[in-house]
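A quick write-up on the structure given underneath.
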Amino acid sequence: MSLPTPAADRTALVTGASSGIGAALSRELSRRGHQVVLVARRAEKLEELATELRAAGGRAHVLGADLSDRSARATLLDRVGALGLTLDILVNNAGLSTLGPVAASDPDAEMNMIEVDVTAVADLCSRALPGMVQRRRGAVLNVASTAAFQPLPGQAAYAAGKAFVLSYTESLTGELKGTGVTATALCPGPVDTGFGETAGFAKEDAEAALPSFMWESPESVARTGIDGLDKGHMIAIPGLANRAASVFAHLAPNKLLVPVLASRHPGLRT
């Protein structure tokens, strides 16, 4: 399988495109000739990226939307259609994390995270896939994490949400076989994007908890993700070290793994 051919009336939609991996994925798609629709809450940041992509010869549009808002998600594909565009590539990248033990959590923050990390992925896939299957053309990239392969004390709901995204995408690949549409789960390890600081990590704590050879740049993550999508891979994991760690985490008994993870997680330090 390969990505749909770029065309003037076709587009890729990237959520969480205002920074980090989302911005890098948007640049990578644009570099390969795909028109992009950039989606995030911060429209001003999206405009900066759109201007950059247009200056490089790309075609980019901005749609501000809060993906935790179900009504905002419900109108997103219609807004793409109003631009005269057909959605050929859906990139569910938007995500966030909370930090710390569930017993000390803010319920509103936990539910907001699940709405963005989990519900929005299923919502947008269920809205986009019927048209793709009907046209027998399309691709979906859902951004999960290497956290999807293991429990993660200190970020319990985040890891569980990413496990959902991984399992959901794997199931989609079975459902979509023979339709001309593909689905890939991108599972990056640690990436220096500011994501951890937003969740409440000190950068120094994150770097101390995870060895330097596991860290990848947003650009390498984006290349791995779009390459995997282009080749029709079920899962794309950037970096040899992260691929090895994911296999180990998947095979290691949780009764041994969980205490080790809990002892090292910055969010559980007293």
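Sort LEU90, LEU261 by heavy-atom solvent-accessible area, probe 1.4 angstrom, most to least.
Numbers: LEU90 0, LEU261 35 Å².
Largest accessible area first, the list is LEU261, LEU90.
How are the Cα pair distances of region 1-135 distributed, in percent, across 5 Å bins from 0?
2, 10, 20, 23, 19, 13, 7, 4, 2, 1, 0
Quick check for you: with a 1.4 Å probe and neighbouring chains kept, what is the accessible area per residue of region 1-59, in Å²?
Value for region 1-59: 44 Å² per residue.
Residue separation times 0.36 nm, minus the C-alpha to C-alpha distance between GLU48 and SER263: what's the value?
Difference between extended and current length: 73.3 nm.
With a 1.4 Å probe and all protein chains kept in place, how do ILE89, ILE21 rank by accessible area, largest first?
Heavy-atom accessible area, descending, gives ILE21, ILE89.
Could you work out the percent of alpha carbon pairs in the chain separated by over 31 Å, rounded to a whole number?
So the pairs more than 31 Å apart make up 22 percent of the total in the chain.
Okay, helix-only estimate at 222 nm for the chain: each DSSP H run of n ≥ 4 adds -39500 (n - 2.57), divide by all residues, round to 500 deg cm²/dmol; what do you get?
On the way: 12 runs with 130 residues, N = 270.
Computed mean residue ellipticity for the chain: -14500 deg cm²/dmol.
Over the chain, what is the mean sequence separation of C-alpha contacts under 8 Å (at least six apart), divided by residue count, expressed as relative contact order in percent?
20
Longest exposed-loop-site-free stretch of the chain, with trypsin sites (Lys or Arg not before Pro), DSSP loop and at most 15 other Cβ within 10 Å? Display every interim value, and only then the final one.
Values: sites that count: ARG32, ARG42, ARG136, LYS177, LYS231, ARG269.
Counting only loop sites that pass the neighbour cut-off, the longest clear stretch is 43-135.
With a 1.4 Å probe and all protein chains left in place, how much of the accessible area of the chain comes from carbon and sulfur atoms, in whole percent?
The C+S portion of the solvent-accessible surface of the chain is 55 percent.
Given axes a ≥ b ≥ c from the Cα gyration tensor, I'd like to know whether region 36-95 is rounded (a/c under 1.5), prolate (a/b larger than b/c) or oblate.
oblate
Can you compute the equivalent ellipsoid semi-axes for region 76-121, i.e. the square root of 5 times each eigenvalue of the Cα gyration tensor, sorted largest first and rounded to whole Å?
So the three semi-axes of region 76-121 are 32, 10, 6 Å.
Compute, for the chain, the length of the dipole vector about the Cα centre, with Cβ point charges of +1 (Lys, Arg) and -1 (Asp, Glu) only. Units Debye, rounded to 20.
So the magnitude is around 800 debye.
Short version: ³J(HN,Hα) in whole Hz for each residue of region 153-159, in order, from phi by Karplus 6.51 cos²θ - 1.76 cosθ + 1.60 (θ = phi - 60°), x for Gly and Pro, what are they?
So the J values, rounded to whole Hz, are x, x, 9, 4, 6, 4, 5.
Looking at CYS125, GLY154, MET113, which one has the Cα that reaches farthest to the positive end of the dipole of the chain (charges on Cβ: Lys, Arg +1; Asp, Glu -1)?
So the residue furthest toward the plus end is CYS125.
The values are calculated or read from the model by the stated rules, or taken from the named source; none is laboratory data. Please read all numbers here as calculations on a predicted model, not as lab measurements. Heads up, the Cβs are rebuilt from the backbone with ideal geometry, glycines too, and the neighbour counts pull from every protein chain shown. All accessible areas refer to the heavy atoms of the entire protein, side chains included, with ligands and DNA or RNA removed. Shrake-Rupley method; radii C 1.70, N 1.55, O 1.52, S 1.80 Å.
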